[in-house]
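Below is one structure; the comments refer to it alone.
Taken together, the values in this text are just the output of simple stated rules run on the coordinates, not laboratory data. Not measured: the values here are computed from a predicted model. A quick note on method: Cβ atoms are made from the backbone with ideal geometry, for glycine too, and the neighbour counts reach across all protein chains shown.
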Number of protein chains: 2
Amino acid sequence: MPDLPSGNAAIGQSGGPTAVINQSLAGVVEGLKAGLAASGKVKRILGMRHGVRGLVKSGSDGLVDLTGINAAKLEAIARTPSAALGSTRDKPDEAYCERILAGARANDIRYFFYIGGNDSADTCRIVSEMAAAAGYELRCFHVPKTIDNDLLENDHTPGFPSAARFVSLALMGDALDNASLGGIKINVIMGRNAGFLTAAASLARGQASTGAAPADRPAPHLIYLPEVPFSTDAFLADVEAVYAKLGRCQIAVSEGIRDETGAEIGPKLMRVAGEVDAHGNVQLSGTGTLGDGLADLVKSGLTPKGGKAPRVRADTFGYIQRCWPHPSPVDSEEARAVGRYAAELAAGGEAHASVIIVRTSNALDAYRSECARADLSAVAHRTRHVPAEFILGSNDVSAVFHAYCRPLVGELPKLQKL
Amino acid sequence: MPDLPSGNAAIGQSGGPTAVINQSLAGVVEGLKAGLAASGKVKRILGMRHGVRGLVKSGSDGLVDLTGINAAKLEAIARTPSAALGSTRDKPDEAYCERILAGARANDIRYFFYIGGNDSADTCRIVSEMAAAAGYELRCFHVPKTIDNDLLENDHTPGFPSAARFVSLALMGDALDNASLGGIKINVIMGRNAGFLTAAASLARGQASTGAAPADRPAPHLIYLPEVPFSTDAFLADVEAVYAKLGRCQIAVSEGIRDETGAEIGPKLMRVAGEVDAHGNVQLSGTGTLGDGLADLVKSGLTPKGGKAPRVRADTFGYIQRCWPHPSPVDSEEARAVGRYAAELAAGGEAHASVIIVRTSNALDAYRSECARADLSAVAHRTRHVPAEFILGSNDVSAVFHAYCRPLVGELPKLQKL
């Protein structure tokens, strides 16, 4: 039996919410109840309202006591999308982390669980190191979450399969809509730095890529990831070739596409200057500007002299893709498991860790995964990109990606054409 | 037994597709097979590719023979969203209708079924009158379809319940997303002339309106329909009141909102001139301009002098709301029924009709509807608007609307807050 500190546990949720982030919350709570709370090492299980914001608040306004929550209510919360505790966009620096440590001390917190992306892993890392330096025993655990699927060490991240399911379903319906009326349809998908979610648009095809030319592929005909340099000339030529042959073209494009110098395309196409956030990023989601800019580009580029402009429409999927209330079953299960595993690592005596997902069987009908441990520094503040083996040419994803992604999203409707 | 003409039947689909428009196609086909085809009056069942376009084409390129289609394939097509035959945006005038009549004669068509909105009913009416004047026996039937729910005589229209289900689910997830991170979230919903679909956003609340002030309502806090004159000053005051109290605000707004003179708000807020279609309408869907314009308005209107702008995001739901592959079960059933009923009217000797839906029981757990017949002229070329009894003040819908809409969308997830 390892030598474990006695005190309270705190759990928080950070960053953009997902459809299954509350499964992870429930997983940590039930893992603690079965382990450290049952053995008396954890007295109270506290939820941080709006992530670490809840802990740095003076008094107990920012904390909610989950110790006595009953199983039925916890289960109902687990099935509810978005962060039940509230989330935050704060990315703590050293000074902020000092305040987190002070909040932990003030509330006798000895176990700290943070559900989020690579910034949350970094917060865990900094706080863990500060606590060690100060001689305050604090165990810090990062629980993975991001629809962007951009955490290192993980086969994939909780939240991604459900968002990928939404994108697959959306593209399936939209492909048939586009086929029925013709024209050019652009769909802008989330993921500023990693194109995994945009790549999931390919699942709408119902088959792996065969390497066919764009006009000979099932829709979506063209897929543009941020990992592949985007050229507006090549884009127009791609669209023109499909449209000329089929009278229609369905496109999936990441909000984060960049040119060969790494500069984002979105801001360059904006009709007016976009909003810049606290981190210096131009706002890409929650606005239709990239889609509208690309639509303008296609209209002006593909209208024959004196001729009629093609029908071009752009939809930007926006926030509904990340909290759609019908998640992927695999995702719900795994999000629960990573939370529970974090509590088990704590009970096993780990001082700090990031929980990761490892795939153990890749077959569609026999998909399996396990949780494992990684160092916080291996995950913190770093971004995973779509690997080369998932990419096919300049405007498609590979059969390897299909084999990777298909088992994650659950059952897809079987569609029938005439 | 009525005196019925012998010949072929033609079926077409028109306008924006829906998630269940193929149920109606399947309904007409199976209704004909069980009736007029079984009795030998209908020789061939022909599908028109891209609506009446398929009939005015010379030769048989525009027609597909459905006479021998097997039940399993028909069922699979029925479950597939969007128009399997292809659709069209053509709105035939008299000259075009002459060509339709010529196409009907050339293909020995005696029964004409058109699945669509009020323009399709009008096409049926004109063609029917022309045929009668020319002494060519042609039976014309309009089968209702539109996510806008804007057909007169109908309790509601096939396609609307599924789109309303999508909007309800989207607002449910988005409300929790907005609650977790705060800020102001604008959702732009389809329906240029009728606000039924925007009104369906209210179902995300899980309860009927109690008449509470916006900040005391479950989200969405504010709902703006095209039927209620939109004032930007009142809008800003509404948003400010909710945001001041809650630190967040979720808004549902129709793409077709208008000021007190009837002028559309969208074009007035556009950052650049929008596209104008063949009917003189400015493009509202497939672009983020209205949402972005409203977001700009809120940002500039609600930023305190020298202070920080609130976080404002806008999503425009676009085309995915009308062909989402998981329709409302009630909608699937009713869309099938209206198609079958049209074939039954034909077998019963009707010369022309529009099929309508009549609600016979309004209880949530005992909802029932029936098909009935209306004159084409009662439905053709006219628009139904959200009635006054469905509207509550300037920014909400009533409990009467909730009772009307809730039974249509099917089961909604039960969400749980902490």
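Note on B:Arg105 and B:Glu350: the extension gain reaches 86.3 nm, defined as 0.36 nm multiplied by sequence separation minus the Cα-Cα distance. Between copies, the label points of B:Asp216, set 7 Å from Cα on the Cα→Cβ line, lie 6.7 nm apart, reported in increasing order to one decimal in nanometres.
Only helical runs count toward this figure. For chain B, summing -39,500 (n - 2.57) over DSSP H runs of n ≥ 4 and dividing by all residues gives -10500 deg cm²/dmol at 222 nm. If you bin the C-alpha pair distances of segment B:1-99 every 10 Å from 0, what whole percents do you get? Pair shares across the bins are 16, 43, 33, 7.
Diffusion coefficient (Stokes-Einstein, Kirkwood radius over C-alpha pairs, 10 °C, 1.306 mPa s) for segment B:335-405: 110 µm²/s, rounded to a whole number. Restricting the calculation to Cα atoms, the protein assembly as shown shows an Rg/Rh of 1.00 when the hydrodynamic-style radius is the Kirkwood one. For chain B, B:Cys97, B:Cys249, B:Cys323, B:Cys371, B:Cys405 stand unpaired, since no other cysteine beta carbon lies under 4.7 Å from theirs. 3J(HN,Hα) along segment B:126-133, derived from phi through the Karplus expression 6.51 cos²θ - 1.76 cosθ + 1.60 where θ = phi - 60°, amounts to 4, 4, 4, 5, 4, 4, 4, 4 Hz, with x in place of Gly and Pro.
Local charge sum around B:Val242 (other residues, Cβ-Cβ under 13 Å, Lys/Arg +1, Asp/Glu -1)? With Lys, Arg at +1 and Asp, Glu at -1, the net is 0. Our compactness index for segment B:16-156, the C-alpha radius of gyration over the empirical 2.2 N^0.38 Å, is 1.01. Normalise the Debye intensity by I(0) for segment B:295-352, one equal point scatterer per Cα, no solvent, then take log10 at q = 0.13, 0.14, 0.23 Å⁻¹ and round to two decimals. Taken in order of the listed q values, log10 I(q)/I(0) reads -0.62, -0.65, -0.92. The residues neighbouring A:Ile189, those whose beta-carbon lies less than 12 Å from its own, together hold a net charge of -2 under the Lys/Arg +1, Asp/Glu -1 convention. Ratio of Rg to Rh for segment B:115-258: 1.16 [Cα atoms; Kirkwood radius as inverse mean 1/r over pairs].
Under a 5 Å amide H to amide H cut-off, with H placed in plane at 1.01 Å, what residues pair with A:Gly191 once short-range neighbours are removed? The answer is A:Glu255. State the antiparallel share, in %, of DSSP beta bridges confined to the protein assembly as shown, rounding to the nearest 5. The antiparallel fraction comes to roughly 30 percent. If I take all pairs of Cα atoms in segment A:292-418, what percentage of them are more than 26 Å from each other? In whole percent, the share of Cα-Cα pairs in segment A:292-418 beyond 26 Å is 50. Per-residue Karplus couplings for segment A:26-39, computed as 6.51 cos²θ - 1.76 cosθ + 1.60 with θ equal to phi - 60°, are listed in order as 4, x, 4, 4, 6, x, 5, 4, 6, x, 4, 6, 5, 7 Hz, Gly and Pro entered as x. Bridge orientation summary for chain B: considering DSSP beta bridges with both residues in this region, about 30 percent are antiparallel. Listed by chain and number, the lysines placed with their C-alpha closer than 25 angstrom to that of B:Lys417 are A:Lys33, A:Lys43, A:Lys57, A:Lys73, A:Lys145, B:Lys185, B:Lys245; residues fewer than eight positions away on the same chain are left out. What's the center-to-center distance, using Cα atoms, between segment A:303-347 and segment A:59-129 in Å? Going from one Cα centre to the other spans 24 Å. Scanning chain A for trypsin sites (Lys or Arg not before Pro) that sit in a DSSP loop and have at most 15 other Cβ atoms within 10 Å, the longest stretch containing none of them is A:1-270. A:Arg340 sits among other residues whose Cβ lies under 13 Å from its own Cβ, and their net charge, with Lys and Arg +1 and Asp and Glu -1, is -3. When the P(r) of segment B:45-114 is calculated, the portion above 19 Å amounts to 35% of the C-alpha pairs. For the rotational copy relationship between B and A, the axis lies nearest to a chain B beta carbon, identified with its distance in whole angstrom as B:Gly288, 1. For chain B, relative contact order (Cα pairs under 8 Å, six or more residues apart, normalised by length) works out to 22 percent. Taking the Cα atoms only, what angle lies between the long axis of helix A:329-347 and the longest principal axis of chain A, rounded to 10 degrees? On a 0 to 90 degree scale, this one is about 30. The translational diffusion coefficient of segment B:175-226, from Stokes-Einstein at 10 °C and 1.306 mPa s with a Kirkwood hydrodynamic radius over alpha carbon pairs, comes to 133 µm²/s.
Segment B:159-207 and segment A:350-393 have their alpha-carbon centroids 35 Å apart. Within chain B, the ratio Rg/Rh, alpha carbon atoms throughout and Rh by Kirkwood, equals 1.02.
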